[in-house]
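The values are calculated or read from the model by the stated rules, or taken from the named source; none is laboratory data. Source: prediction; values computed, not measured. Reconstructed Cβ throughout: ideal geometry from the backbone, glycine too, with neighbour counts over all protein chains shown. Side chains included, ligands, DNA and RNA excluded: accessible areas come from the protein's heavy atoms. Shrake-Rupley method; radii C 1.70, N 1.55, O 1.52, S 1.80 Å.
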Amino acid sequence: MDFKYRWKNGTPPSRDEAARNRHLLDESQFESKEDHRLAEEMARKHLNVPLTTQDEDLSILPKAAPPEEKR
């Protein structure tokens, strides 16, 4: 099956590469960030790799209490 968008490096990435990289498609072919985001989601579904989430950059671990100030 052929995919209608241009891949970033000219060829579809392997599943391992796609899981590690944030962007899989050539960004110059899109007019808006929303179009690019939707196409990236379609590309991930096409390659059967996990979709990115908006909060993936946030730590899942709880934050430590701030250090107490010395007076």
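Taking the conditions exactly as written (among the aromatic types (Phe, Trp, Tyr) and at pLDDT 85 or above), does Phe30 satisfy them or not?
Answer is yes for this residue.
Can you tell me which residues in region 14-28 are among the polar types (S, T, N, Q) and either in contact (Cβ under 8 Å) with a residue 60 or more places away in the chain or in a helix (DSSP H, G or I) (or both)?
Within region 14-28, just Ser28 meets the criteria.
Select from region 29-43 the residues that are hydrophobic (A, V, I, L, M, F, W, C) and free of Cβ contacts under 8 Å to residues at least 40 places away in the same chain and write down the one among them that is least open to solvent (accessible area, probe 1.4 Å).
Filtering region 29-43 for residues that are hydrophobic (A, V, I, L, M, F, W, C) and free of Cβ contacts under 8 Å to residues at least 40 places away in the same chain, the one least open to solvent (accessible area, probe 1.4 Å) comes out as Ala39.
Answer yes or no: is there a residue in region 1-13 that is of a type outside the set (Ser, Thr, Tyr), in a helix (DSSP H, G or I) and either modelled with pLDDT of 85 or more or open to solvent by 70 Å² or more (accessible area, probe 1.4 Å) (or both).
no
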